[in-house]
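A short reminder: the numbers here are calculations on the coordinates, not readings from a lab. Bear in mind the structure is a predicted one, so any value in this text is a computation, not a measurement. Glycine gets a Cβ as well: all are built from the backbone with ideal geometry, and neighbour counts include every protein chain shown.
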Amino acid sequence: MLRFTLRLAATASALALAAPAFAQDAPPPADDEILVTAQRENQSQVVRGGSAGVLGDKPAEDLPFSIKSYNAALVLNQQPQTLGQLLENDPSIRTSYGFGNAAEQFVIRGFTLYGDDIGLDGLYGLAPRQLIAPELYEQVQVLNGASAFLNGAAPGGTGIGGSVNLIPKRAGDVPLTRITANYASKSHIGGSFDVARRFGDGRWGLRVNGALRSGDVAVDDEFRRTAVIGGALDYRSDTVRMSLDLAYQRVEVRNLRPKVIIGTTTIPAVPGADHNYGQAFSYSNLRDVFGIAKGEWDVTDNAMLYASFGARDGSEDGIYDGITVTNALTGAASGNALYVPRTDNNEAAMVGLRVKLGSAAITHEINFGGAYLWQVNRNAYDFLYGPGFAGYATNLYDTPDVALPSSTLVGGDLDNPYPISRTRLGSMFASDTIGLLDGRVLLTAGLRLQKIKTSNYSYAGGALDTQYSEEAVTPVLGLVVKPVPGLSLFANRIEGLSQGPTAPIDPNLINPGEVFAPYKSTQYEVGGKLAIGALNLSLAAFQTTLPTAFAAPDPAAPGFLRFDVYGEQRNRGLEFSVDGELTTGLRLIAGASLNDAKLRDTPAGANDGNKAVGVPDYLVNANIEWDTPFLPGATLTGRFVQTGKQQVNAANTLEISEWTRFDLGARYVALLGTTPLTLRVNVDNVANKRYWASAYDAFNAALLQGAPRTFKLSASLDL
């Protein structure tokens, strides 16, 4: 795979050297024109619309859902090292970590979205599952709300509050050759390249891009290295469109600053912004090879047949450390470690037919087809807690270096992990979007019949442990009314379907690794979207209910906990967002959301009516760009991120405070001869504020600390 991608890179480089042939017949543009064009192409933007699953690519005004996309220029300008850092721009999303590792998980509308459930061009199971480098993608699309009909059930059992879909970069109509060098404090250095050409009268396109970054980040002694390369080959004619996307990603993390488990009745003070209370023996090695092939064929003027198929081979290996605070005043804590080797082999496919019928008075857009996902997970574990599961003594504020504890309990084959779970998700879907009054009224109704089959195997030998096969129908009903140009009102009722949760690997659990049956959620949403010139605004109100899973004392096994589905969580909220150009040269990406997330039907009613863990009361974001009139080519940027209070435990006896962060930046476009050079500088968390960023955790009362002040520099040449 890597050899093939390197050949693609070599081919693209040869094409880049031949670039002048495309422009020999046209006079060279003036310097002012080059400068203005380069500055415009560097604008961070939100695209209103995107892929709505089986409904296809649609503008936001035609969809009864909340959808938006962040473009590749935003990635270049803000230099995020992970997908989570990019999604900090969204006023409905916050980022946490998984259980004991660096895996990013996202909280959307108060519900989690695991990395396992990030889509790649409309298919699940193909994107890297722990950390995703954003450089390979042209757009990152966010659809708020349940999407079981649109995208099918998410294999990781999440995505009820919203979904994220990655669109790979492909060659555009304008030739591209860009190289970028970047730096992030404290010593994280790297670079990237991006080459794209079309040939054969524009029918064929080739794009190859990659990035390599390595070094310590702003947290003391935390080291990260990321290497990615992707190639996209596409073909387009009057009736046929095909594409092939292949990618390789490798991420290494050393001495990660972990989440902090709270074992006290008070919240400890936040340590220094860059202090690292992790241990040097911790590491993560993540490797993914993945790709997707897709095609579209216009069978007739009003009928399109489409199909896609993708695969991913993933490998993970790591020692993950944890810290549990036992004295909030002194910071005294106990530590432990866990070794987990893991591999994943996934394939996904989808095929469908989209037909448009009707006259000017009434139209129909009919979709029907099917999708299938195959997954095999192999893993094992080794609890490194030392004798008697005692762990080691450590401290949140004055952290000692300790030796790796000895092995305490092993599950599975550490040298050659055997399958622990096999999952099959199949579905068939059908929908009709009826258009009335020349498209000013759009009514969508659809059904998706989904079947989830899961086999779970014992860590003690690999024998079949549990198995289930269940079916469910997830309907959708959506209405769009466009009373006047630029205004779109919408409402929807849609259900979410999730593969059941998996009990974490933890020695305190009586049932680690148990996978539960699928469950459904129901969402109601109303809202509106308004376009005023270059400005886009949206407002939505929603309610979603979902069964909840967590650990509770097991009466049948004193001293142990049982992970199970208990009660439900009902989230209600309001979301507002605005983006676009306020006036010439002044752009805004901003929004806010209010959340009312409550627990219901909890065991013995103990926590009924309490706020859900890790769901902020409110979120506010504002990102501003200003092209200065006094210095042509210069742009000043600023970002404001505020997050409300969060509950740390279901009893609501522990709470973290609201927090606010400010980021500042600038970029300047200059010409080296006729070659645009873009210089960027950013400072995230300008005040070096220390804060608990997230309390979201599906198992423990655990906190994630916000990143310290981080300086970022980059320079891009468009050759």
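Details
- Computed on the Cα atoms alone, the convex hull of the range 52-202 gives a volume of 135 cubic angstrom per residue.
- Percentage of interatomic Cα-Cα distances in the range 368-453 larger than 20 Å: 68 percent
- Given charges at beta-carbon only (K, R positive; D, E negative), |dipole| of the range 361-442 in Debye: 320 debye
- Charge dipole (the chain, unit charges on Cβ, about Cα centre) - positive-most of Val480, Ala597, Gly638: Val480
- Spatial separation of Cα centroids for the range 458-502 and the range 222-300, in angstrom: 24 Å
- Lys/Arg +1, Asp/Glu -1 at C-beta; the chain dipole; positive extreme among Ile34, Leu87, Gly162: Ile34
- The range 557-715 - percent relative contact order, Cα under 8 Å, separation 6 or more: 15 percent
- Packing order of peptides 144-150, 77-83, 365-371, highest average first: 144-150, 77-83, 365-371 (average count of other Cβ atoms within 10 Å over each peptide's residues).
- Cα radius of gyration and Dmax for the range 197-238 (Å): 17.8, 55
- Point-charge dipole on Cβ atoms (K/R +1, D/E -1) for the range 587-719, about Cα centre, debye to 20: 320 debye
- Share, in percent, of DSSP beta bridges within the range 506-571 that are antiparallel, nearest 5: 95 percent
- The mean sequence distance of close C-alpha pairs (under 8 Å, at least 6 residues apart), as a share of the length of the chain, puts its relative contact order at 12 percent.
- Overall form of the range 234-308 per C-alpha gyration tensor (a/c, 1.5; a/b vs b/c): prolate
- The three principal axes of the C-alpha atoms in the range 423-511 carry coordinate ranges of 64, 28, 14 Å, sorted with the longest axis first.
- Label-to-label distance, nm, for residues given as Ala360 and Gln467 (7 Å Cα→Cβ offset): 6.0 nm
- A simple spin-label model places pseudo-atoms 7 Å from Cα toward Cβ; at Glu568 and Leu436 they are separated by 3.1 nm.
- Whole-Å distance, taken between Cα centres, linking the range 535-587 and the range 95-145: 15 Å
- Zero-based 10 Å bins, Cα pair distances in the range 152-207, whole percents: 17, 25, 22, 32, 4
- For the chain, the equivalent ellipsoid built from the Cα gyration tensor has semi-axes of 39, 31, 26 Å, listed from largest to smallest.
- Dipole magnitude of the chain, debye to nearest 20 (Cβ charges: Lys/Arg +1, Asp/Glu -1, about Cα centre): 320 debye
- Taking 25 °C and 0.890 mPa s as conditions, the range 482-568 diffuses translationally at an estimated 151 µm²/s according to Stokes-Einstein applied to its Kirkwood radius (Cα pairs).
- In the range 202-345, Rg over Rh equals 1.21, where Rg is the alpha-carbon radius of gyration and Rh the Kirkwood radius from pairwise Cα distances.
- Pairs exceeding a 20 Å alpha-carbon distance, out of Lys294/Lys520; Lys356/Lys520; Lys58/Lys482; Lys259/Lys645; Lys169/Lys356; Lys68/Lys689: Lys294/Lys520; Lys356/Lys520; Lys169/Lys356; Lys68/Lys689.
- Taking every alpha-carbon pair within the range 561-719, the share separated by more than 20 Å comes to 63 percent.
- Estimated inter-spin distance, Ala687 and Phe281, nm [label 7 Å along Cα→Cβ]: 3.9 nm
- A protection proxy built from the mean count of other Cβ atoms within 10 Å ranks the segments 332-340, 566-574, 387-395, most packed first, as 332-340, 566-574, 387-395.
- Think of the range 332-400 as having a plus end and a minus end, set by charges on the Cβ of Lys, Arg, Asp and Glu; of Met350, Tyr381, Phe368, Phe368 sits farthest toward the positive end of this dipole.
- Value of relative contact order over the range 395-484, rounded to a whole percent, pairs C-alpha under 8 Å and six or more apart: 27 percent
- If you look at the Cα atoms of the range 406-565, you get an Rg and a Dmax of 22.8, 72 Å.
- Net length available on complete extension from Glu33 to Asp173 is 48.6 nm, with 0.36 nm assigned per residue and the Cα-Cα distance removed.
- Computed extension gain for Val299 through Arg493, at 0.36 nm per residue and net of the alpha carbon distance, reaches 66.6 nm.
- Stretch gain in nm, segment Ser406-Phe711, where the contour uses 0.36 nm per residue and the Cα spacing is subtracted: 105.9 nm
- Computed packing ranks the peptides 626-636, 646-656, 97-107 as 97-107, 646-656, 626-636, most packed first, by mean other Cβ atoms within 10 Å.
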